[in-house]
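The values are calculated or read from the model by the stated rules, or taken from the named source; none is laboratory data. It should be emphasised that the depicted structure is a prediction, and the values quoted were computed from it without experimental measurement. Ideal geometry is used to build each Cβ from the backbone, glycine not excepted, and the neighbour counts take in all protein chains shown. For accessibility, only protein heavy atoms count, side chains too; no ligands or nucleic acids. Shrake-Rupley method; radii C 1.70, N 1.55, O 1.52, S 1.80 Å.
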Amino acid sequence: MTRSIAVLGGTGPEGFGLARRWTKAGEAVIIGSRDAQRAQEGAAKIKASIPNAQVSGDENSVACASADVVVLTIPFEGHAALLKHIKPAIRPGSIVVDATVPLAASVGGRATRTLGIWQGSAAQETAELLPDVAVVAAFQNIAADLLNGDGPVECDVIVCSDHAESIQSVRGLAAKIPGVRAIDGGKLENARILEQITALLVGLNIRHKGHSGIRITGLPDQAYKT
Ligand SMILES: NC(=O)c1ccc[n+]([C@@H]2O[C@H](COP(=O)([O-])OP(=O)(O)OC[C@H]3O[C@@H](n4cnc5c(N)ncnc54)[C@H](OP(=O)(O)O)[C@@H]3O)[C@@H](O)[C@H]2O)c1
């Protein structure tokens, strides 16, 4: 059976870029939005450029109800409310991947700083609000501009979770993006570091006018293999 990936907030640059890359790699993708029509428009945009694309669009909770993997790509300001909204719709056994970065900009502060989150990170907040699913932190450090281009993405994706099998599934998904190497980053608590790295990358992008990412060097070959 083909797995189905719902990208919530997939109308925005980060989610749309991931949805497009995965559709291009042959995955079945559902773009999620607060507005079903906006989601369908996003899906139509992908279909127009990728022949035989398996992509559709729907309201966020409807998208979750038919997905095996749910990816959160929304601003932190809507994070907790969205999780409460989708909780009843998430299928048992699903993986929830959180790419959300709690940038202070989401509450009017600077984009180069993260907010203090009681649980430690946005991904840990997700794990607290969705205790019955495997929560994985990943994709926080990939620039949307690179995802939305056609070239290889110069960035490693560090994947953290307290569920080892889910780390492997999401590493497999990340590695479908050309140029990306997916690395097991250990426990979900490390998500706080991934989220803070993004604030640093935003600062570098502003300072140097670029689209920075990260590369991890010096690990055995096995660590990069998926
Ligand atoms: N942009 C990047 O380069 C980048 C890189 C790494 C990580 N990230 C992280 O990925 C997430 C998404 O980034 P983005 O730049 O794509 O964000 P965005 O454009 O601000 O938002 C993405 C989508 O989220 C939905 N949304 C907006 N406000 C919402 C709310 N209050 N509640 C629920 N849904 C809401 C919107 O879709 P609908 O209106 O259709 O519902 C919007 O299109 C953020 O947490 C960001 O920090 C971004």
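Can you pull out every residue in the range 1-15 that is near the ligand (Cβ under 7 Å from one of its atoms) and open to solvent by 10 Å² or more (accessible area, probe 1.4 Å)?
If the condition is that a residue be near the ligand (Cβ under 7 Å from one of its atoms) and open to solvent by 10 Å² or more (accessible area, probe 1.4 Å), then GLY9, THR11, GLY12, PRO13, GLU14 are the ones that fit.
Which residues, counting only those in the range 168-197, are open to solvent by 20 Å² or more (accessible area, probe 1.4 Å) and part of a helix (DSSP H, G or I)?
If the condition is that a residue be open to solvent by 20 Å² or more (accessible area, probe 1.4 Å) and part of a helix (DSSP H, G or I), then GLN168, SER169, GLY172, GLU189, ASN190, ARG192, ILE193, GLN196, ILE197 are the ones that fit.
Please specify each residue of the range 137-156 satisfying the condition of being part of a loop (DSSP other than H, G, I, E, B), in contact (Cβ under 8 Å) with a residue 24 or more places away in the chain and surrounded by fewer than 20 Cβ atoms within 10 Å (Cβ to Cβ).
The answer is ASN148, GLY151, PRO152, GLU154.
Return the residues of the range 125-136 that are surrounded by fewer than 24 Cβ atoms within 10 Å (Cβ to Cβ) and either under 18 Å from LEU201 (Cα atoms) or not hydrophobic (A, V, I, L, M, F, W, C) (or both); say none if nothing qualifies.
If the condition is that a residue be surrounded by fewer than 24 Cβ atoms within 10 Å (Cβ to Cβ) and either under 18 Å from LEU201 (Cα atoms) or not hydrophobic (A, V, I, L, M, F, W, C) (or both), then GLU125, GLU128, PRO131, ASP132 are the ones that fit.
Answer yes or no: is there a residue in the range 158-165 that is open to solvent by 40 Å² or more (accessible area, probe 1.4 Å) and within 25 Å of THR11 (Cβ to Cβ).
No, the range 158-165 has no match at all.
Anything in the range 18-41 that is near the ligand (Cβ under 8 Å from one of its atoms) and under 24 Å from CYS155 (Cβ atoms)? List them, or say none.
Our first condition is that a residue be near the ligand (Cβ under 8 Å from one of its atoms); within the range 18-41, this holds for 32-35, 38-39.
Matches in the range 18-41: GLY32 only.
Looking at GLY120, GLY116, which one is surrounded by fewer than 19 Cβ atoms within 10 Å (Cβ to Cβ) and in contact with a helix residue (DSSP H, G or I) (Cβ under 7 Å, 6 or more places away or on another chain)?
After ruling out the rest, the residue left standing is GLY120.
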